[in-house]
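**Student:** Next up is a structure, given as structure tokens.
Values quoted throughout were computed directly from the atomic coordinates according to the rules given, and no laboratory measurement underlies them. Note that this is a predicted model, so its numbers are computed, not measured. Every residue, glycine as well, gets a Cβ built from its backbone with ideal geometry; the counts of neighbours run over all protein chains shown.
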Amino acid sequence: MLSEKSRPIIEATAPVVAERMPHITPEFYKRMFAARPDLMDGMFSRSSQLEGTQPQALSNSIVIFATYILNNPDKYPDEVLSRVAHKHTSLGLLEDEYPTVYKYLFEAIAADLGDACTPEVAEAWSEVYWLMANALIKIEKGLYAQQANDVMRAPFKLVSRKETGDQVVDLTFEPADDTAMTEAKAGQYISLFTQAEDGLLQPRQYTLLPSEKNQRRVAIKLDPNGEMTKRHFALQEGDVVDISNPYGDITLGGFGDDGSGPLYLFSAGIGVTPMLAFLSELVDQNSQREVVVVHSSSSKDAWPLREEMEELVGKLANGKLISFLGDGSGDFEGRVDVSKLDVPSDASVYLCGPLGFMKDTRSALVDAGVPGVQIQYEIFGPDQWMLRDTARAE
Ligand code: FAD
Ligand code: HEM
């Protein structure tokens, strides 16, 4: 809990710190990578730094955390902390790096705020930083303790490579050593560590697809402007890569889904990946739940893993698949239109796809009477959205 001494200082300075964060963040990262270039080799994404969204997500989350604990003195924003902790553990982040971020972030804050950064202000924000850091460290330790092994990543050999949909590659890996594998929950992801063209080790996250227990299977959409998907596309059977243990808290029966009401799964494009994992789990459980899968793609050919999705839905006792395809070859033409679906207000909903698709679908669902708390989503990038929602909600 924030001390009574720091509370008024944080209250008074949060607006200015929030306003200055876009300027502070680049300086913080510049200082950190100048001193610790090794952090870019196997931990941070080089593209995220160039693009800027992920650094801003990290810095902004501290201001958002501060705002949250000011308004809710007895609580922490659990969903935000959980999302971040899962991402950190998938990257193998250890407790002893927290002083690194602290040092360079606070040097950058002091440099930017100048005289306004009095010792009292610095002390109050340090308290916020360590409250958040300690909360994350505690969750991260708990997540590491649940793994079947004590390594951050292990070597896996590519045993099958298939192309599907529009520029998507379906890759299946098996262990290349005797490290025990943690069983993944449907909806979880792994970090895949491969070398960039210049040899730098770069992690990227991929949602796990249904597979045999001794396998890790992912489907990767080529990003023509991205750095690593080109490299993943070039992988050949027999190649060995490093893969983390499975992490991620968007699972069935997680936040907002008590497993009782109807389940609606909305995906667009490569957003099919968590939905396939959910469907496979429901089939394995012989679930009698009403499950409605709504998918949007430009055409049947562009729809990744379409046949597998159709087959899984067909195996469910009460499953239904509805498609919105741009070329008119689906159940409906064009983008997802929630008004055509009659979604009941007790539905549990999962969304995955481009941010615009998820925002539009979520707004339409809320307008149609589905409470926001019942709508979960997986963002294939830094989660600026949940962070902002958390801030707005208070
Ligand atoms: P990156 O190099 O990371 O680039 C991404 C974007 O950054 C580019 O499109 C471009 O806009 C910008 N960028 C890159 N370089 C620069 C530069 N020099 N200057 C400015 N901007 C730049 N993807 C899947 O395909 N399947 C999945 O199942 C999947 N699951 C995911 C699950 C989670 C939890 C998360 C967080 C992500 C998931 N992703 C998934 C996304 C995946 O992790 C990668 O982000 C994606 O594959 C792009 O990787 P990349 O290296 O090709 O692109
Ligand atoms: C990602 C917050 C400490 C490394 C993130 C994200 C947030 C965040 C909000 C984005 C999560 C998402 O994808 O949605 C924090 C906070 C910290 C902290 C509040 C301290 C209190 C650290 C430390 C390190 C670290 C100590 C390592 C030195 C990373 C990396 C990513 C990340 C590598 C992914 C970014 C990328 O892909 O480039 N963090 N973090 N974080 N964090 Fe942290």
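**Student:** Could you give the Stokes-Einstein D for the chain in µm² per second, using the C-alpha Kirkwood radius, 20 °C, 1.002 mPa s?
**Tutor:** 96 µm²/s
**Student:** Now a separate question. Stokes-Einstein D for segment 106-180 at 4 °C, 1.567 mPa s, Kirkwood Rh over Cα pairs, in µm²/s?
**Tutor:** Calculated translational D: 75 µm²/s.
**Student:** Report the relative contact order of segment 49-182, percent, no decimals, based on alpha-carbon pairs under 8 angstrom and at least 6 residues apart.
**Tutor:** 22 percent
**Student:** Another one. Quick check on the chain: helices-only [θ] at 222 nm, where DSSP H runs of length 4 and up contribute -39,500 (n - 2.57) each and the sum goes over total residues. Nearest 500, please.
**Tutor:** Computed mean residue ellipticity for the chain: -13500 deg cm²/dmol.
**Student:** Which values of log₁₀ I(q)/I(0), to two decimal places, follow from the Debye formula for segment 1-150 at q = 0.11, 0.13 Å⁻¹ with a uniform point scatterer at every Cα?
**Tutor:** -0.43, -0.60
**Student:** Turning to a different aspect of this structure: Of the cross-linked pairs K157/K185; K162/K221; K5/K138, which ones have a Cα-Cα span greater than 23 Å in the structure shown?
**Tutor:** Where the Cα-Cα span goes over 23 Å, the pairs concerned are K5/K138.
**Student:** Another question, then. Taking the beta-carbon count within 10 Å as an exposure proxy, list R306, R217, R335 from fewest neighbours to most.
**Tutor:** Ranked by crowding around the Cβ, least crowded first: R335, R306, R217.
**Student:** Something else: Tell me, what is the percent relative contact order of segment 235-394, built from C-alpha pairs under 8 Å that lie six or more residues apart?
**Tutor:** Relative contact order comes out at 24 percent.
**Student:** Expressed as a rounded percentage, what relative contact order does the chain have, with Cα pairs under 8 Å and six or more residues apart?
**Tutor:** So the answer I get is 16 percent.
**Student:** Could you run the Debye sum over the Cα atoms of segment 188-335, one equal point scatterer each and no solvent, and tell me log10 of I(q)/I(0) at q = 0.15, 0.16, 0.20 Å⁻¹, two decimals?
**Tutor:** -0.87, -0.97, -1.28
**Student:** Taking amide H positions as placed 1.01 Å from N in the peptide plane, with prolines and chain starts having none, which residues 5 or more places from V294, or on another chain, fall under 5 Å of its amide H?
**Tutor:** So V294 has HN proximity to L265, F266, S267, I322.
**Student:** Picking from L341, L263, L305, which is most flexible by a Gaussian network model of the chain using Cα springs under 10 Å?
**Tutor:** Per the Cα network of the chain with a 10 Å cutoff, L341 tops the list.
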